[in-house]
Amino acid sequence: MGLELRSPVIAASSTLTGTVENVVEAARCGAGAVVLKSLFEEQILLDSAESVEENEQRFWYGQAEDYIREYSRADALNGYLALLDECSRSVPVPVIASINCVSAGEWVSFAREMEGAGAAGLEVNIFVPPSDSSRSARENEQVYYDVLERVTKAVHIPVSAKISSYFSSMTESVGRLSRSGIGGLVLFNRFFSPDIDIETFSLKPGPVFSTPSELHHSLRWIAMLSGRVGCDLAASTGVHDGEALIKQLLAGASAVEVASVLYQKGFEEIRIMLGVLEEYMDRHGFERLSDFAGRMRMDAVENPAAYERVQFLKHFGNMS
Ligand SMILES: Cc1cc2nc3c(=O)[nH]c(=O)nc-3n(C[C@H](O)[C@H](O)[C@H](O)COP(=O)(O)O)c2cc1C
């Protein structure tokens, strides 16, 4: 996003980064920045709708509905702004606000208020599920451009987009997104996924946390897109240790965002990851990240096709 960070490990947006104490702890353990839990567009709209329903019978005047809607919205936003304000005053690292959105609605004005409350940047977490058979890929993608255009116009702080890999033409779409005025892209978000209980015939939550083996999807795309897009890239999903951090930096990420490992092992894990990075840099004689960052990106390796290889060929072991 163009922000100067003291370390390349960012505490990712999650419920963990929804309290001042945790944000302080993340910074104490060496996080270069913290992304606050998201303010969900859907949550705001739902809160408003529920309040209107609950209060429906009590209000007889037309304006009442508008009033409640505004009140609920303001309530959700005010809580978030208070958190943001206190966190940004409590830690010496950038605190990035996060909005989770599914449309370019009027909520975009909230971005300005977040800027006013001390956000060093804004991470816009967008996902339009490609599940509506009547909507074309272009129509779905247009939502991303509309959201980002409106948000980047609304604020002066840097904006990043946190996206999934559900794009028909990743390189083209991400290239366009990267030139839409944003300062960074986070690849990729990891979603809540459903599972099936085969005995009770009911749905249940899938695994909430990532595993280290989930690193490779974003690693591939960071390496393939690094140097080909118009903004910084941060890697998300599957970074659980110092080696994974180093791999993403070699692939061309400017930073990594971590969530699952913080839930599983605590914020101290950030310090351990940074220790592994320092030891690696000492061992290789690197003084700064730029001495090795991007060294393994697609356009820098001898066999770039290895990044595009997706089928398990007989000789899949030969990646060099
Ligand atoms: C419990 C939980 C809550 C999360 N909440 C958010 C959120 O509010 N906003 C968001 O952008 N990402 C959220 N995420 C996604 C993480 O920021 C991260 O992108 C994802 O978990 C992949 O990183 P990881 O492999 O380090 O967990 C959440 C993840 C977890 C596990």
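Could you identify the single residue in Glu106, Glu41 that is modelled with pLDDT under 90, in contact with a Cys (Cβ under 8 Å, 6 or more places away or on another chain) and closer than 30 Å to Arg179 by Cβ?
The match here is Glu41.
Counting only residues that are under 15 Å from the mean Cα position of the chain (by Cα) and more than 20 Å from Pro212 (Cα to Cα), how many does region 163-201 have?
Initially, region 163-201 is screened for residues under 15 Å from the mean Cα position of the chain (by Cα), giving 163-166, 174, 177-178, 182-192.
Narrowing the set further to residues that are more than 20 Å from Pro212 (Cα to Cα) leaves 166, 174, 177-178, 182-185.
Residues that pass the stated criteria total 8.
Kindly evaluate Ser173 against the criterion of being among the hydroxyl-bearing types (Ser, Thr, Tyr) and in a helix (DSSP H, G or I). Give the steps one after another, and end with the answer.
On the way: among the hydroxyl-bearing types (Ser, Thr, Tyr): yes; in a helix (DSSP H, G or I): yes.
Taking the combined requirement at face value, the residue satisfies it.
Looking at region 9-30 only, could you name the residues that are out of contact with any strand residue (DSSP E or B) (no Cβ under 7 Å at 6 or more places or on another chain) and near the ligand (Cβ under 8 Å from one of its atoms)?
Leu16
Within region 227-267, take every residue that is near the ligand (Cβ under 7 Å from one of its atoms), among the hydrophobic types (A, V, I, L, M, F, W, C) and touching a residue at least 24 places away in the same chain (Cβ under 8 Å) and give me the one that is farthest from Ser290 (Cα to Cα).
Ala259
What are the residue pairs meeting all of these: first residue in region 115-135, first residue within 27 Å of Leu83 (Cα to Cα) and more than 16 Å from the ligand (Cβ to nearest atom), second residue at pLDDT 95 or above and polar (S, T, N, Q), Cβ atoms under 6 Å, and 6 or more apart or on different chains?
Gly118/Ser88
Being acidic (Asp, Glu) and crowded, with 20+ Cβ neighbours inside 10 Å is the filter here; which residues of region 217-253 pass it?
Selection gives Asp232 alone.
Kindly indicate which of Pro158, Pro194, Pro207 is under 25 Å from Lys37 (Cβ atoms), without any contact (Cβ under 8 Å) to a residue 24 or more places away in the chain and surrounded by 12 or more Cβ atoms within 10 Å (Cβ to Cβ). I'd like the intermediate steps shown before the answer.
Values: Pro158 fails: without any contact (Cβ under 8 Å) to a residue 24 or more places away in the chain; Pro194 fails: surrounded by 12 or more Cβ atoms within 10 Å (Cβ to Cβ).
On inspection, the qualifying residue turns out to be Pro207.
Can you pull out the residues in region 208-226 that are more than 13 Å from the ligand (Cβ to nearest atom) and in a helix (DSSP H, G or I)?
Pass one, region 208-226, residues more than 13 Å from the ligand (Cβ to nearest atom): 220-226.
Arg220, Trp221, Ile222, Ala223, Met224, Leu225 - these are the residues of region 208-226 that are more than 13 Å from the ligand (Cβ to nearest atom) and in a helix (DSSP H, G or I).
Any residue that is within 27 Å of the chain's Cα centre (by Cα) and surrounded by 13 or more Cβ atoms within 10 Å (Cβ to Cβ) - is there at least one of those in region 310-319?
The answer is no; no qualifying residue exists.
For the structure I just gave you, tell me whether Ala253 is at pLDDT 95 or above, in a loop (DSSP other than H, G, I, E, B) and under 25 Å from Asp299 (Cα atoms).
Spelling it out, Ala253 is indeed at pLDDT 95 or above, in a loop (DSSP other than H, G, I, E, B) and under 25 Å from Asp299 (Cα atoms).
Within region 130-142, identify whether any single residue is of a type in the set (Lys, Arg), within 20 Å of the chain's Cα centre (by Cα) and either assigned to a helix (DSSP H, G or I) or at negative phi (or both), and answer yes or no.
Scanning region 130-142, I find no residue that is of a type in the set (Lys, Arg), within 20 Å of the chain's Cα centre (by Cα) and either assigned to a helix (DSSP H, G or I) or at negative phi (or both), so the answer is no.
Of the numbered conditions (1) surrounded by fewer than 19 Cβ atoms within 10 Å (Cβ to Cβ); (2) of a type in the set (Ser, Thr, Tyr); (3) within 15 Å of the ligand (Cβ to nearest atom), Ser90 fails exactly one; give the number of that condition.
Result: Ser90 fails condition (3) only.
Exactly one of (1) among the hydroxyl-bearing types (Ser, Thr, Tyr); (2) at pLDDT 95 or above; (3) buried (at least 17 other Cβ atoms within 10 Å of the Cβ); (4) away from the ligand (no atom under 15 Å from the Cβ) is unmet by Ser48. Its number?
Ser48 satisfies every listed condition except (2).
Is there any pair linking a residue in region 296-320 that is of a type in the set (Ser, Thr, Tyr) to one that is modelled with pLDDT of 90 or more and surrounded by 10 or more Cβ atoms within 10 Å (Cβ to Cβ), with Cβ under 8 Å and at least six apart or on different chains, and which?
Matching pairs, first to second residue: Tyr307/Arg220; Tyr307/Ala223; Tyr307/Met224; Tyr307/Met298; Tyr307/Val301; Ser320/Asn303; Ser320/Ala306.
Identify the residue in region 268-295 that is closer than 29 Å to Leu36 by Cβ and assigned to a loop (DSSP other than H, G, I, E, B) and, among all such residues, is nearest to the ligand (Cβ to nearest atom).
The extreme case among them is Ala293.
Give the residues of region 176-199 that are among the hydrophobic types (A, V, I, L, M, F, W, C) and outside any loop (DSSP other than H, G, I, E, B), sorted by residue number.
Leu177, Leu185, Val186, Leu187, Ile196
The values are calculated or read from the model by the stated rules, or taken from the named source; none is laboratory data. Computed from a prediction, not measured in an experiment: that's the story for all the values here. Reconstructed Cβ throughout: ideal geometry from the backbone, glycine too, with neighbour counts over all protein chains shown.
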